[in-house]
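Heads up, the thing below is written out as structure tokens.
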Amino acid sequence: MSSLEVIKQCVMRGLGIAFLPHMAVQQEVAQGKLQAIPFIHESNLYTQVIYLQNKWHSQAFQCLLGLLTPDMES
């Protein structure tokens with residue numbers, strides 16, 4: 001899904017969990033609509049990140065890639 005709002009609405013309706021930026025859900029967490037789950041980077045969490053390598057990426061996205069793939073070139 002490409003919209004943070006759609007993802008938040010799905011999670012609020014009990015359709016799963018999402019890995020979203022804190023600033024995107026700060027208000028909903030403060031209002032008790034969403035609950036934050038502590039994330040420990042060293043855990044055995046497996047996920048896939050698919051992106052266009054030759055396309056412009058924001059600084060935030062580049063930082064995320066650096067955190068997710070510290071031993072790989074991005």
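Here each label is just a point 7 Å from Cα along the line to Cβ, and for Gln35 and Phe61 those points are 3.3 nm apart. The local environment of Lys33, defined by Cβ-Cβ distances under 15 Å, has a net charge of 0 under the rule Lys, Arg +1 and Asp, Glu -1. The simple spin-label model puts a point 7 Å past each Cα toward its Cβ; for Leu52 and Leu68 those points are separated by 1.7 nm.
Read the figures in this text as sums done on the coordinates, not as results from a lab. Bear in mind the structure is a predicted one, so any value in this text is a computation, not a measurement. Heads up, the Cβs are rebuilt from the backbone with ideal geometry, glycines too, and the neighbour counts pull from every protein chain shown.
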